[in-house]
1. Can you classify segment 320-384 as rounded, prolate or oblate using the Cα gyration tensor, where a ≥ b ≥ c are the square roots of its eigenvalues, rounded means a/c under 1.5, and otherwise it's prolate if a/b beats b/c and oblate if not?
2. Find which of Cys118, Gly152, Ala179 sits farthest along the positive direction of the dipole of segment 95-208, computed with +1 on the beta-carbon of Lys and Arg, -1 on that of Asp and Glu, about the Cα centre.
3. Which angle from 0 to 90°, rounded to the nearest 10, does the C-alpha axis of helix 22-31 make with the longest principal axis of the chain?
4. Using the Cα centre of the chain as the reference point, and only Cβ charges (+1 on K/R, -1 on D/E), how large is the resulting charge dipole? Debye, rounded to the nearest 20.
5. In what sequence, largest accessible area first, do Asp87, Asp447, Asp471 appear using a 1.4 Å probe?
6. Phe334 accessible area, nearest 10 Å², 1.4 Å probe?
7. If the limit is 26 Å between Cα atoms, which of Lys301/Lys354; Lys27/Lys122; Lys19/Lys252 go over it?
8. So for Glu24, Glu336, what's the accessible-area order with a 1.4 Å probe, most first?
Amino acid sequence: MIKNDEPSTRIALISVSDKTGIAELAKKLIQLGFTLLSTGGTARVIEEAGVPVTGVSEHTGFPEMMDGRVKTLHPKIHGGILGRDSDHQVMHDQGISPIEMVIVNLYPFESVTAASDCSIEKAVENIDIGGSAMVRSAAKNHDCVTVVTDPGDYDSIVSELELNSRISHATRFRLAAKAFAHTGRYDSLISNYLDEHKGGGTAEGMPLVHCPRFFRSQELRYGENPHQSAALYSMAEGGNKSQPAAEQLQGKELSYNNIADADAALECARQFGARPSCIIVKHANPCGGASADSLLEAYEKAYETDPVSSFGGIIALTRNVDGATAQSIVEQQFVEVIIAPDYSEEALAYFATKPNVRVLVSGFERQGGSRLNYHRVAGGLLIQQHDNLSVNRDDCSCVSERQASDPEWEDLMFAWKMVRLVKSNAIVYAKDCRTVGIGAGQMSRVDSARIAAWKASEAGLSLQGSAMASDAFFPFRDSIDAAAEAGVKSVIQPGGSMRDEEVIAAANEHGMTMVFTGNRHFRH
């Protein structure tokens, strides 16, 4: 047991799940005059490094019990952490030694529950009780105790001790705030997991209480406008399937709008899998998209849809970027951000001639269906499941007299993938797996159809024989009449209007194919 009547004794309690750098830290603390107190697995790592350490059970005189569930929940531990100067006498009377530093991180609940074969029982066993209690106790008593939960802070703690022999109050306060964020996130993970698995199975519907935790990963120069401050927050570490986790190879710092647009471009491009495809986004709306036999062809067709809107846009490419594609991009347009799985050396050399262009690397696998979308409203938060519904030809029903040919089906499916990422009301015209006109964000669907046709005309693209996709049903036949006049031959839409029969009749009058998907894709 570490004696409490030795005022010069400085005790550091170490109990960590993530043992990164812990042996090196233990050696440094011994050199700085600390006595180490530790638990089971952590104590073994320290001992194997040749560093003297006292076990918690030896210190408390109380054995670890119940498969390790009870080991640090003891007055000699929590009294040592929570004790203040005013508590010196009672601590002396009770044989409690003050603990100056608590280095603790918690059971790996997140990684354990991420495994597909994780049971409820295993998840519950990975809920840390003693560790959370020690972290919270130390953070509460930060006037007297330094709490360290992040291995990334070890070096700075050692440096401060070497320089000043003590940890400053400002550092203790900062680490205490970080510790409460650590336990807060941990509690949120547990709460969300248990809410999703009520009764041992996956719960239906939305959670009664939802506790998301985000961590600031990047401070931004400003938000949507220069007078708005902003930062990027990430939900979790690991993987590179999201825009916040993308690696930036070159270019200026990403702006708020860059990040929002890159996210939209990445989500849209992911729908096309490994086929060479390109999506160009401006102000969160696709302004061009194409799939082709080569990445260069896909980019050039996407760009041709709307060269004016593509200026200053965000480009997402589904394949590793080759030199020819990079050269075409650099020579044809001003681009803010390019995001792709990877780049050839030749491609990077072309982009290097435009040093302000942000070049990002990201994974392109489609993310799982359990993601949630958030939309803040005054006084509350709207939460919904992510719209990742995929539709293929077999899911659709052809409701017109005229049937679609195989090439027309390919265009219909392409148009449907594009329209779900365009802001409502949304209309997309497509031909040969490329967009030829896009109408976005209008209060009237017929206005979106007219804008898409006007865009095609401005770009010198013909709508003859094209497919038209609408993100929601047509309430009137006027859009069908306008599309037929422009040369559209096939239409894909959700269906479900009280005037469906009138709309289908219009398609039949014009000799058009009409396909219902049965699902809409509003995007606000």
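1. Because a/c hits 1.5 or more and a/b exceeds b/c, segment 320-384 counts as prolate.
2. Ala179
3. On a 0 to 90 degree scale, this one is about 30.
4. On the way: 49 positive and 67 negative charges, 198 e Å.
The calculated dipole for the chain is roughly 960 debye.
5. Accessible-area ranking of Asp87, Asp447, Asp471, largest first: Asp447, Asp87, Asp471.
6. Counting only protein heavy atoms, the figure is 90 Å².
7. Lys27/Lys122; Lys19/Lys252
8. I get Glu24, Glu336, largest accessible area first.
The values are calculated or read from the model by the stated rules, or taken from the named source; none is laboratory data. No experiment lies behind these values; they were computed from the predicted model shown. Note that each Cβ is placed from the backbone with ideal geometry, even for glycine, and that neighbours are counted across all protein chains shown. Accessible surface areas use protein heavy atoms only, side chains included; no ligands, DNA or RNA. Shrake-Rupley method; radii C 1.70, N 1.55, O 1.52, S 1.80 Å.
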